[in-house]
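One structure is given here, and the rest of the page talks about it.
The values are calculated or read from the model by the stated rules, or taken from the named source; none is laboratory data. Predicted model, so just to flag it, every value in this text is computed and none were measured. Positions of Cβ are generated from backbone atoms using ideal geometry, with glycine treated the same way; all protein chains shown enter the neighbour counts. Side chains are part of the model used for accessible areas, which takes the heavy atoms of the whole protein and leaves out ligands, DNA and RNA. Shrake-Rupley method; radii C 1.70, N 1.55, O 1.52, S 1.80 Å.
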Amino acid sequence: MVSPGRGLDLIARALLAPLIGGTLPSGWRLLSWDSEQGLCLTLQHGARTLLVELEQRDDARECYARTVRFNVCVRPVFEPGARLDDAERRFIDRVVELVRGRERRLPTAERPQTSRVSAVREISVDRALMPEGPGHYYFNPYVGCMIGCAFCYVQERADFSRRLEGLPRLDWGRYVDVKVNAAEVLRREVKEHPPGIVRLSPILTDPYQPIERRYRITRQALEVFLEAGFAPVILTRGARVVEDLELLRRFPAAAVGFSIPTDIDSVRAAFEPGADPVDERFEALAACHAAGLRTFAVIQPVLPMNVDRLVLKLAPVIHAVRVDRMHDIARFRHLYEAAGMLHALEPAFFDATLAALRHGFARRGVIVDELDDLGALVGRA
């Protein structure tokens, strides 16, 4: 049975109606809004794009401002480290006051209990393609991820959305919403937006998690993007992306990247037990490279590894790489403790590993980058 959709959109509209359906001040434009990982607004101000995220209130975390129920986080898109100017701060302050004045409209009922340990929900949606800046979009074929990496930082934000919707709590990795009508919606939306780069998926899901083999939502979306002239950029842990290689090769511009935080499969099994073995990911990445696709890797968070061996395996088959440490380590200390790898939580481990990775890839001509400039990645710069 297909659910008619998610009640989250109604909740978002109740809170943010003056921004979603109203008139913004001169110079401001609402590009898109989303409710699947907290409540998010993508706003354009002149040549700048700002992402405003409403997360569950947590006084221990830094944010732009707090309301009774939310942390309000703001950052310029595609500009790491950039600061807001005075005009932007004045507008965001107005957004914060709007939220403070309307958040009492949101439901506060207790979440229902459930005896289920996992849930797959088929849903219909009326929006799928999310603009996030001029010529840039993202698309989530699913909500939730059955791979369920315990260190995935989106899990709390995704659960916050489920709480707002009145759904029972399930562990991350134990639920997924399948957007069964996504391709139909995309066929309409690609006629309304100019072709550009579309990310699959930014954070909330993995486009090639195991359930893709059954539903093929990602493949259906790729078929729509190919016909409409969009350039997909895929990030996955799933080796089954090779099942769509023939389709991906037909794009004039496309990129496939793999998240590979270690070359040691016993480490992978300790931290990513639901993900494909690292050798399968290496093989799939090599196949994508051999097929002529632009390829990249994300080594984040860096886990215990043989740096030289990882660089030697990846460098010949990627054009760019992003490397970063584990963040919010207090939350994930138990994972390292259970694996007997507490040394890998020390600043000295992160500093030495990141420096060695950057040096090793740079020596072999691989671009070490934050991967914010997707146009350069797919050859459209």
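Protection proxy ranking for 226-232, 177-183, 363-369, using the average of other Cβ atoms within 10 Å per residue and placing the highest first: 177-183, 226-232, 363-369. Where a ≥ b ≥ c are the square roots of the eigenvalues of the C-alpha gyration tensor, would you call the range 1-92 rounded, which needs a/c under 1.5, or, failing that, prolate if a/b is larger than b/c, or oblate? It comes out oblate by the Cα gyration axes. Phi angles of the range 267-278 translate, via the Karplus equation with coefficients 6.51, -1.76, 1.60 and θ = phi - 60°, into HN-Hα couplings of 5, 3, 5, 6, 9, 10, x, x, 8, 5, x, 5 Hz per residue; Gly and Pro are given as x.
For a quick check of your reading of the filter: which trypsin sites (Lys or Arg not before Pro) in the range 248-306 sit in a DSSP loop and have no more than 15 other Cβ atoms within 10 Å?
Here the trypsin sites (Lys or Arg not before Pro) that fit, given the DSSP loop and packing criteria, are Arg249, Arg250.
Taking amide H as placed 1.01 Å from N in the peptide plane, the amide H of Gly38 sits under 5 Å from that of Ser161, each at least 5 places away or on another chain.
For Met341, no residue has an amide H sitting under 5 Å from its own, ignoring neighbours fewer than 5 places away on the same chain, with H placed 1.01 Å from N. For Ala82 and Glu110, the difference between the fully extended length at 0.36 nm per residue and the C-alpha to C-alpha distance is 6.2 nm. For the range 104-150, GluC sites (Glu not before Pro) are listed when DSSP marks them as loop and at most 16 other Cβ atoms sit within 10 Å of their Cβ; the list is Glu110.
Can you give the relative contact order of the range 212-324 as a percent, counting alpha carbon pairs under 8 Å and 6+ residues apart? Answer for the range 212-324 is 26 percent. Dividing the summed -39500 (n - 2.57) terms of all DSSP H runs of n ≥ 4 by the residue count of the chain sets its mean residue ellipticity at 222 nm at -10000 deg cm²/dmol. Measuring spread by the Cα atoms of the range 162-284 yields a radius of gyration and Dmax of 15.9, 47 Å. For the chain, the share of DSSP beta bridges that are antiparallel, to the nearest 5, is 50%.
If you take all other residues with their beta carbon under 14 Å from the beta carbon of Asp59, and give Lys and Arg +1 and Asp and Glu -1, the sum is +1.
Here the 3J(HN,Hα) profile of the range 37-52, calculated from phi with Karplus coefficients 6.51, -1.76 and 1.60 at θ = phi - 60°, is 9, x, 10, 10, 10, 10, 10, 10, 10, x, 8, 9, 10, 10, 10, 10 Hz, Gly and Pro shown as x. Near Leu31, the amide H atoms lying under 5 Å from its own belong to Thr42, Leu43, Gln44; only residues 5 or more places off or on other chains count, and H is placed 1.01 Å from N. Per-residue Karplus couplings for the range 138-155, computed as 6.51 cos²θ - 1.76 cosθ + 1.60 with θ equal to phi - 60°, are listed in order as 9, 9, 9, x, 9, 10, x, 8, 6, 5, x, 4, 5, 9, 5, 6, 7, 4 Hz, Gly and Pro entered as x. The order of the peptides 334-346, 303-315 by mean Cβ neighbours within 10 Å, most packed first, is 303-315, 334-346. Exposure check, 1.4 Å probe, all protein chains in place: Ile264 carries approximately 50 Å² of accessible surface. Per-residue extension of 0.36 nm, minus the Cα-Cα distance of Arg57 and Arg100, leaves a gain of 14.2 nm for this segment.
Might you report the magnitude of the Cβ-based charge dipole of the range 156-312 about its Cα centre, with Lys and Arg at +1 and Asp and Glu at -1, to the nearest 20 debye?
Values: 22 positive and 23 negative charges, 81 e Å.
The calculation lands at about 400 debye.
Summing Lys and Arg as +1 and Asp and Glu as -1 over all other residues whose Cβ lies under 15 Å from the Cβ of Leu345 gives a net charge of -2.
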